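Reviewing the structure listed below.
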Amino acid sequence: MDLFTHLVVGALMYLLFMRDVTLDFLFIAIFFSVLPDLDIFLMPLKKIFKSNYFEHRGGSHSYIIGIIVASIFGLLFFILRQRPFFIVWIIGSLFYGLHVSMDLLTTTRIPYLFPISRKERSFHVEKAGSFFTMVNSFIFLITSMFISVFSANIIALRFFIDFYTIFFLIYYFYRISSKLWFSSKLNKNQKYFPGVLPFFFVIFERELVENILSLSLVRKSHFSKNQEIFNSKTILTDEEMIFFEQGMALCNKYYYFAKWTAVPIFIRKEGIFAIRFFFIETMMRKRTMFIQYDFDIFTRQMISVNRTSGHKKLVI
């Protein structure tokens with residue numbers, strides 16, 4: 001989930017459930033709503049401690065870490081600002097947990113119980129970097145600031161806040177319901193992926209029978225016909241199967257690539273067998289990130305790697 005949406009949803013949830021109690025801790029709630037994403041400043045520590053949990057969406061995205069961090073901040077607020085420790089700790093834990101819960105809805109797995117458990121999960125309800133929610137959150141921020149600064153109309157501001165609160169609640173209810181409904185109809189070889197816009201989604205199907213690998217991506221919508229994005233059926237030799245398994249193992253060495261769903265494309269050239277792995281989680285309108293491994297057929301060694309920093313079409 002993007003930073004704007006975490007900030008906006010955190011503020012809206014505080015105003016929805018706690019504004020009639022007190023507004024004194026609103027900024028603390030907002031701070032904890034975005035705090036886990038500040039883990040980007042911890043990433044240099046990965047090289048020192050040799051741990052992937054210092055990556056973005058690593059160990060910081062955990063309910064357990066949230067409780068610990070809220071305890072530390074609660075103690076600091078009590079000592080430095082004379083704020084009640086228990087209230088700061090409760091609000092910090094709840095809104096840190098809100099951030100983790102929202103990221104659990106996305107397509108990128110997180111270690112939500114680290115360090116008690118290293119298991120990572122995601123519910124594939126929303127794209128990790130949702131352009132749709134980011135735009136709506138940005139509109140909310142700009143408009144609410146405009147109303148506050150230029151009109152100072154409290155009634156208009158309250159109406160606008162209530163409108164966006166209902167909008168986000170309906171939006172996420174729809175996303176969750178849609179995912180549960182369509183996932184219940186899939187077979188074991190199929191997987192649901194949310195689209196950029198709320199009414200669209202993608203079904204990925206993968207089947208490996210002996211040395212025959214079948215893959216398909218179909219874009220679906222509630223209001224239009226299905227659109228086939230990609231379809232392939234590849235017969236691999238025993239040697240190519242070994243290269244394929246090596247390529248998958250290499251992908252899993254990267255922290256983020258291991259979280260994502262890889263769609264392999266096989267490229268046969270004279271003396272070279274290449275595997276290009278596309279990642280569905282980063283796909284936007286047939287464009288997605290990929291990494292390609294080239295293997296020398298004669299020496300059976302990997303000879304080159306092409307890891308993109310941008311996006312490429314899901315075609316050869």
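Here are the numbers:
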quantity	calculated
Test for Y96: is it at pLDDT 95 or above and either in a loop (DSSP other than H, G, I, E, B) or not assigned by TED's automatic domain parsing to the domain that holds S62 (or both)	no
Any pair with Cβ under 9 angstrom, 6 or more apart, that starts in region 281-308 at a residue that is farther than 15 Å from T261 by Cα and ends at one that is of a type in the set (F, W, Y) and assigned to a loop (DSSP other than H, G, I, E, B)	R307/Y254
Subset of region 268-285 (residues that are of a type outside the set (V, I, T), surrounded by fewer than 21 Cβ atoms within 10 Å (Cβ to Cβ) and farther than 27 Å from V196 by Cα)	R268, K269, E270, G271, A274
Residue in region 143-164 that is closer than 22 Å to H61 by Cα, in contact with a helix residue (DSSP H, G or I) (Cβ under 8 Å, 6 or more places away or on another chain), part of a helix (DSSP H, G or I) and assigned by TED's automatic domain parsing to the domain that holds R57 present	no
Criterion (surrounded by 14 or more Cβ atoms within 10 Å (Cβ to Cβ) and closer than 30 Å to S232 by Cβ) met by exactly one of F140, F168, F204	F204
Criterion violated by G66 - all others in (1) within 26 Å of M1 (Cα to Cα); (2) surrounded by fewer than 17 Cβ atoms within 10 Å (Cβ to Cβ); (3) not charged (D, E, K, R) satisfied	(2)
Breaking point among (1) in contact with a helix residue (DSSP H, G or I) (Cβ under 9 Å, 6 or more places away or on another chain); (2) free of Cβ contacts under 8 Å to residues at least 12 places away in the same chain; (3) more than 24 Å from F4 (Cα to Cα), for L80	(1)
Region 1-43: number of residues that are of a type in the set (D, E) and closer than 27 Å to Q82 by Cβ	2
The lone exception for I90 - which of (1) among the β-branched types (V, I, T); (2) out of contact with any His (no Cβ under 8 Å at 6 or more places or on another chain); (3) in contact (Cβ under 8 Å) with a residue 24 or more places away in the chain it fails	(3)
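The values are calculated or read from the model by the stated rules, or taken from the named source; none is laboratory data. Quick caveat: nothing in here was measured; it's all calculated off a predicted structure. We place every Cβ from the backbone using ideal geometry, glycine too, and count neighbours over all the protein chains shown.
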